[in-house]
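Beneath this line is the structure, given in structure tokens, with notes to follow.
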Amino acid sequence: MPHSPPFLLLVDDDDPVIDSLAFAFELEGFRVIACADAESALDARLPEGPGCMVIDLNLPGMDGLELLAALRARGATAPAVLITTHPTAKVRERARAQGALIVEKPLITNALLDAVRGLAGA
């Protein structure tokens, strides 16, 4: 049975960020599902198997942690990484309560890639 590469649900409303992250993760062998907003992410069909979700905190409509809660309510079980700049103590607490790691922007190191690899089992 062929091995299916891990998926990555990537949600960010900043086009240059989503384009560069999608490109980088595709080069790493991930099947990237890129969404520019929470509605698109909620409409996305997540594949079975290993994967990870990378969600920006600041999204139009609902924030990234509200989106994560909605995805969990719909049965999404993949581990999650929240990306944001200067998270407050309250954001850290909310992320911890939902089991999400936080990787701070700017994303100039391999911290996000390393976190996703570890969580997705890649």
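The values are calculated or read from the model by the stated rules, or taken from the named source; none is laboratory data. Quick caveat: nothing in here was measured; it's all calculated off a predicted structure. Neighbour counts are summed over all protein chains in view; Cβ atoms, including those assigned to glycine, are modelled from backbone coordinates with ideal geometry.
Figures for the structure shown
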| quantity | calculated |
| --- | --- |
| Residue tally, condition buried (at least 18 other Cβ atoms within 10 Å of the Cβ) and farther than 17 Å from THR84 by Cβ, over region 103-112 | 0 |
| LEU57 farther than 18 Å from ASP114 by Cβ, surrounded by 13 or more Cβ atoms within 10 Å (Cβ to Cβ) and in contact with a Ser or Thr (Cβ under 6 Å, 6 or more places away or on another chain) | yes |
| Criterion: modelled with pLDDT of 95 or more, more than 20 Å from LEU113 (Cβ to Cβ), aliphatic (A, V, I, L, M) and within 12 Å of the chain's Cα centre (by Cα) - qualifying residue of ALA41, ALA22 | ALA41 |
